[in-house]
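Reading through the C-alpha cells given below for one structure.
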Amino acid sequence: MELHEYTQYDAVGLAGLVARGEVTAAELTAAAQAATAAVNPRINAVVESWPAEDAPAPGSTPLAGVPFLIKDLAVSMRGKRVELGSRLAAGNVAGQDSFLMRRLRRAGLVTLGRTATPEFAYSTTTEPVLYGATRNPWDLTRTPGGSSGGSAAAVAAGITPLAHATDAAGSIRVPAASTGLFGLKPTRGRVSLGPDADEVFNGLAVHGGLSRTVRDSAALLDLIQGPEAGDPYFAERPHRPYLEEITRDPGRLRVGLVTTPWSGREVEPAVRAATLAAARLLESLGHRVEAASVDLGVDWEEFVLANARLWSANLVRWMDGLAAASGRPVDGSTVEPEMLASYAWGRTVSGPDFVHALEVRNRVARAVGAQFGARDLLLTPTLPEIPVPLGTYGRGAENADGLGWLEHLFHRSPFTAAFNVAGTPAMSVPLGCDPATGLPIGVQFAAGYGREDLLFRLAAQLEKAAPWADRRPAVWAGTPRPA
C-alpha cells in the first residue's frame with residue numbers, strides 16, 4: 001500500500017479495507033512505519049516505535065487492524081517503556097497492561113509506538129527536555145499544543161489516523177485545535193484509569209483520542225468506554241453506540257455562546273471571528289444560539305489556586321515515587337525548572353488546603369452542571385490564540401513558582417479546564433483557520449454530564465456541513481517525495 005493511498009483513509013475506512021480483504025493489517029503496519037520514517041524526523045511526534053504484535057481478526061471490530069499510537073503517559077503496555085516525558089522516569093518499563101491497554105488490544109488496534117508528552121503532562125505545549133520539542137505539522141516553528149501534542153502531530157501529519165490522548169485541563173482539545181483535528185474529552189468516569197490509579201488529578205483527567213474524523217473518535221470511545229472493578233466514578237452507559245449516534249439528527253439545540261474567558265484575557269480577533277462563524281453555521285442548521293454568561297461558582301483566582309493545589313500535590317507523590325524506584329534525585333539533573341518549582345510548591349500544600357481544593361471542585365461542578373438545564377450546549381473558542389511559536393512557554397519559567405506556572409498555563413488555555421473540574425464532556429471541532437497564517441482554529445462545545453451522544457451528533461452534522469478532513473498541513477506523510 002502506497003503512502004498516498006494509506007493517508008487518504010480514516011481509521012474506520014482502513015479497518016473496512018482489512019475486513020473486505022483488500023489489504024492486510026500487516027500492510028497497514030508497513031504503511032504506518034513508512035509514514036513515521038517520512039515525517040517524524042521533522043515533527044518529533046513519535047518517541048519510540050516497536051514492531052506489531054499478532055494481527056487481530058479482520059472485521060472483528062470497527063477498528064481491527066488499524067495502526068495506533070499511545071501517549072507516553074497514563075497507559076501502560078506490558079514490557080514497553082512509559083517515561084512520562086521525564087528524565088526522572090527514563091527507562092521505566094511497564095510490568096503489566098493497564099485496563100485501557102487491554103481494551104485497545106481487544107479493539108483490534110495495532111499499537112506501534114508511543115508519542116511525546118511534556119514532562120508529567122504538565123503543560124499545554126510539548127517541549128520536554130527528555131526527547132526535545134514536538135513541532136506542529138502546519139508550521140514547524142510553532143507548538144502542536146499539549147499535553148497530547150505528540151499524538152496530535154502524528155495524526156495531523158498522517159502517521160496514524162487515530163491516537164491515544166489524555167485530558168486534565170484541555171490536553172485533548174488544545175492540541176486538536178492547534179493541529180486541525182477533532183478531539184473529544186469524555187465524561188469523568190467514562191474510561192477507566194486503572195488499575196494503578198483510581199483517578200488522576202483527583203478526577204480531572206480522562207482518557208480519549210485524537211482523530212481526523214468524527215466517526216473515528218466515536219468508534220474508539222465505543223471500544224474503550226465502560227467501568228472496571230474498583231473505579232471511583234461511573235458514567236451511565238450510553239443508550240446506543242456512538243457510531244450509531246453520529247447518524248442521528250441532533251434536533252434543534254439550544255446553544256449558549258461564550259466568547260470571553262473567565263480569566264478576562266483578550267481573545268485574538270481571528271479566533272473570535274471563527275467562533276462567531278461557528279455560531280452562524282449552527283443557526284443555519286436550525287439551532288438557536290444566544291449569548292451566555294456562565295458562572296464558575298468561584299472567582300478565577302480561587303479556581304486557579306484550587307487546580308494548582310490538586311495538580312502540584314499529586315505531582316509530589318508521583319515524583320517521590322519515581323525517585324524512590326529509580327534511585328535518582330529530584331533536582332535539575334532529572335526534572336525541568338517549572339516542574340521543580342511545582343514540586344517545591346506542592347510540598348507546601350497542607351491537608352486542609354487540599355480538602356478546600358476538593359470543595360472548590362464541587363462548587364464548580366455544581367455551577368457548570370447547572371448551565372445545561374436551560375440550554376443543551378455551550379460554545380466557546382477552544383483557545384484564545386493561534387498556536388504560539390516554540391519556546392514561548394519557557395520564557396521566564398525558571399522564575400515561576402508552582403502557582404505561577406499553572407497561572408501561566410491557564411492564561412494560555414482559559415476555556416478548557418472548567419469542564420475537567422466539572423467532569424462534563426467537551427470537544428474541539430476544527431471549523432476555522434487564521435486567514436493570515438492558514439493555521440487551524442478550533443471551537444469548543446461542552447455538554448452536560450454523560451452527554452457525549454449529543455456532542456457526537458452535532459459534530460457529525462458540522463463535519464458534513466463544513467468538512468475539514470481533506471485539509472492538509474505542510475508536513476503530510478501522503479505527499480509524494482520529489483523524484
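The values are calculated or read from the model by the stated rules, or taken from the named source; none is laboratory data. Everything quoted here is computed from the prediction, not taken from an experiment. For neighbour counting, all protein chains shown are included, and Cβ atoms are generated from backbone atoms with ideal geometry for every residue, glycine included.
For region 35-54, give me the residue count where each residue is out of contact with any strand residue (DSSP E or B) (no Cβ under 7 Å at 6 or more places or on another chain), assigned to a loop (DSSP other than H, G, I, E, B) and surrounded by fewer than 16 Cβ atoms within 10 Å (Cβ to Cβ).
Counting residues in region 35-54 that are out of contact with any strand residue (DSSP E or B) (no Cβ under 7 Å at 6 or more places or on another chain), assigned to a loop (DSSP other than H, G, I, E, B) and surrounded by fewer than 16 Cβ atoms within 10 Å (Cβ to Cβ) gives 3.
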### Task
Inspect region 249-260 for any residue being among the small types (Gly, Ala, Ser) and in contact with a Gly (Cβ under 8 Å, 6 or more places away or on another chain) and give the result as yes or no.
no
### Residue, farthest from the chain's Cα centre (by Cα), within region 424-460, restricted to residues that are buried (at least 24 other Cβ atoms within 10 Å of the Cβ) and part of a loop (DSSP other than H, G, I, E, B)
THR424
### Task
Please indicate, with yes or no, whether at least one residue in region 94-109 is farther than 18 Å from LYS185 by Cβ, in a strand (DSSP E or B), at pLDDT 95 or above and more than 17 Å from the chain's Cα centre (by Cα).
no
### Task
Have a look at ALA89, ALA57, ALA15, ALA32 and point out the one that is surrounded by fewer than 23 Cβ atoms within 10 Å (Cβ to Cβ) and small (Gly, Ala, Ser).
ALA57
### Task
Output the residues belonging to region 207-234 that are among the hydroxyl-bearing types (Ser, Thr, Tyr) and buried (at least 22 other Cβ atoms within 10 Å of the Cβ).
SER211, THR213, SER217
### Task
Six or more apart or on different chains, Cβ under 7 Å: which pairs go from a residue in region 166-194 that's within 13 Å of ALA235 (Cβ to Cβ) to one that's among the charged types (D, E, K, R) and surrounded by 24 or more Cβ atoms within 10 Å (Cβ to Cβ)? Could you list them?
LYS185/ASP167; LYS185/ARG173; PRO186/GLU452; THR187/GLU452
### Query
Failed condition for ARG395, given (1) in a loop (DSSP other than H, G, I, E, B); (2) crowded, with 17+ Cβ neighbours inside 10 Å; (3) among the basic types (Lys, Arg), with all others met?
(2)
### Query
Has region 308-322 got at least one residue that is of a type outside the set (Asp, Glu), more than 19 Å from LEU409 (Cβ to Cβ), in contact (Cβ under 8 Å) with a residue 12 or more places away in the chain and not in a helix (DSSP H, G or I)?
no
### Task
Scan region 298-307 residue by residue and report those that are touching a Lys or Arg at 6+ places or on another chain (Cβ under 7 Å) and part of a helix (DSSP H, G or I).
ALA306
#### Entry: Options ARG412, ARG361, ARG366: the member that is modelled with pLDDT of 95 or more, in contact with an Asp or Glu (Cβ under 8 Å, 6 or more places away or on another chain) and of a type in the set (D, E, K, R)
ARG412
### Query
Quick one: LYS464 ticks every box in (1) at pLDDT 95 or above; (2) of a type in the set (Lys, Arg); (3) outside any helix (DSSP H, G or I) bar one, so which box is it?
(3)
### Query
Taking region 258-311 only, how many residues are over 19 Å from PHE419 (Cα atoms) and in contact with a helix residue (DSSP H, G or I) (Cβ under 7 Å, 6 or more places away or on another chain)?
3
### Summary
Counting only residues in region 461-478 that are touching a residue at least 24 places away in the same chain (Cβ under 8 Å) and over 21 Å from the mean Cα position of the chain (by Cα), the one farthest from ASP216 (Cα to Cα) is identified as ALA474
### Task
Being part of a loop (DSSP other than H, G, I, E, B) and among the small types (Gly, Ala, Ser) is the filter; apply it to region 187-234 and report the residue that is nearest to the chain's Cα centre (by Cα).
ALA205
### Query
Considering region 93-118 alone, what residues qualify as being charged (D, E, K, R) and either without any contact (Cβ under 8 Å) to a residue 40 or more places away in the chain or surrounded by fewer than 20 Cβ atoms within 10 Å (Cβ to Cβ) (or both)?
ASP97, ARG102, ARG105, ARG106
## Note on the structure
Checked region 158-186 for anything farther than 23 Å from GLY113 by Cβ, assigned to a loop (DSSP other than H, G, I, E, B) and in contact with a strand residue (DSSP E or B) (Cβ under 6 Å, 6 or more places away or on another chain); matches are PRO186
#### Entry: Residue within region 235-243 that is surrounded by fewer than 21 Cβ atoms within 10 Å (Cβ to Cβ), in a strand (DSSP E or B), of a type outside the set (A, V, I, L, M, F, W, C) and touching a residue at least 24 places away in the same chain (Cβ under 8 Å) present
no
### Message
From the list GLY346, GLY391, exactly one residue is small (Gly, Ala, Ser) and touching a helix residue (DSSP H, G or I) at 6+ places or on another chain (Cβ under 7 Å). Which is it?
### Response
GLY346
### Output for region 65-88, where each listed residue is more than 22 Å from the chain's Cα centre (by Cα) and of a type in the set (A, V, I, L, M)
LEU88
### Query
crowded, with 22+ Cβ neighbours inside 10 Å and part of a loop (DSSP other than H, G, I, E, B), is that true of PRO62?
yes
